[in-house]
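One structure is given below, encoded as C-alpha cells.
The values are calculated or read from the model by the stated rules, or taken from the named source; none is laboratory data. From a predicted model like this one, the values you see are computed outputs, not experimental measurements. Here Cβ is always computed from backbone atoms with ideal geometry, including for glycine, and neighbour counts include all displayed protein chains.
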Amino acid sequence: MSELEIYDRLAKVLKDVHERFPEDGFTKHQRLRGLLADHLPDAEREIRVALDAIDEGVINVLVDSPAGELGMQIDRLVGRLDTSRGIREDLARQVIQAFAYSLDRGGLPSTITSQPIVTPAVPEASGGDDWVGVSEVVTSPGQTAEQPSAPGPAAPGAAETTPPGDSQSQTAGLLNKLSEGNNKYIA
C-alpha cells in the first residue's frame with residue numbers, strides 16, 4: 001500500500017468520524033484513537049500525527065479560515081507542527097489535508113499537488129581553503145588600523161613578538177626556528 005493510500009484512508013475515516021460525531025468527534029482523543037486504530041491498524045504513525053495536529057489547533061484553523069486563505073493556513077500549520085512537535089513537513093501536510101477533506105474544506109490528500117520541499121545545497125569546500133571570514137582589519141569609523149604583516153620566516157636572530165597566549169603565533173615561531181637549522185629544540 002502506498003503512502004498516499006494510507007492518507008486517503010485516514011481522510012475517509014476522519015470524515016466518517018466527523019459525520020457520526022459532529023460536535024465532539026475530534027475532541028475525545030481516546031475514542032478517536034480507538035476508531036482510527038480499528039480502521040487503520042497499519043497507520044500508527046499517521047494516527048499519532050493526527051492526534052498531535054488536533055492538539056496544535058488544526059481543526060479550529062481549518063474551520064475558521066476563509067476559503068481564499070486555506071492554502072496559506074495549511075502552510076502555517078505544517079510549519080507549526082514541524083516547529084513544535086518535530087513532525088516532518090511531508091507527513092504534517094498529508095495529515096492536515098486529510099483533516100481538510102474530513103471537514104469538506106479540500107480534496108483527498110492524493111489529489112492535492114504540492115510543491116516538493118527543496119533544501120538548499122551546501123557548497124563544498126574548495127581545495128582545502130576553508131577560510132570564511134573577513135580578510136581586512138575591521139575598525140570603527142575615523143580609526144585607521146595597521147595592517148598586520150604577512151606571516152613568513154623571521155630574520156635570523158630576530159626576537160619573537162608573540163602576545164602571551166597566542167599559541168598559533170608561538171607555534172609558527174618555533175617552526176621558524178626549526179627551519180633555520182636550530183635543532184636544539186628537537187629531542
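What residue, among those in region 14-29 that are in a helix (DSSP H, G or I) and surrounded by fewer than 15 Cβ atoms within 10 Å (Cβ to Cβ), is modelled with the lowest pLDDT?
His29
Are any residues in region 83-95 surrounded by 14 or more Cβ atoms within 10 Å (Cβ to Cβ) and within 11 Å of Asp52 (Cβ to Cβ), and if so, which ones?
Within region 83-95, Arg85, Ile87, Leu91, Ala92, Val95 meet the criteria.
Taking region 67-82 only, how many residues are in contact with a helix residue (DSSP H, G or I) (Cβ under 9 Å, 6 or more places away or on another chain) and either surrounded by 19 or more Cβ atoms within 10 Å (Cβ to Cβ) or not polar (S, T, N, Q) (or both)?
The qualifying residues number 10.
Looking at Arg48, Arg9, which is the one that is surrounded by 14 or more Cβ atoms within 10 Å (Cβ to Cβ) and farther than 13 Å from Phe99 by Cα?
When all the criteria are applied, what remains is Arg48.
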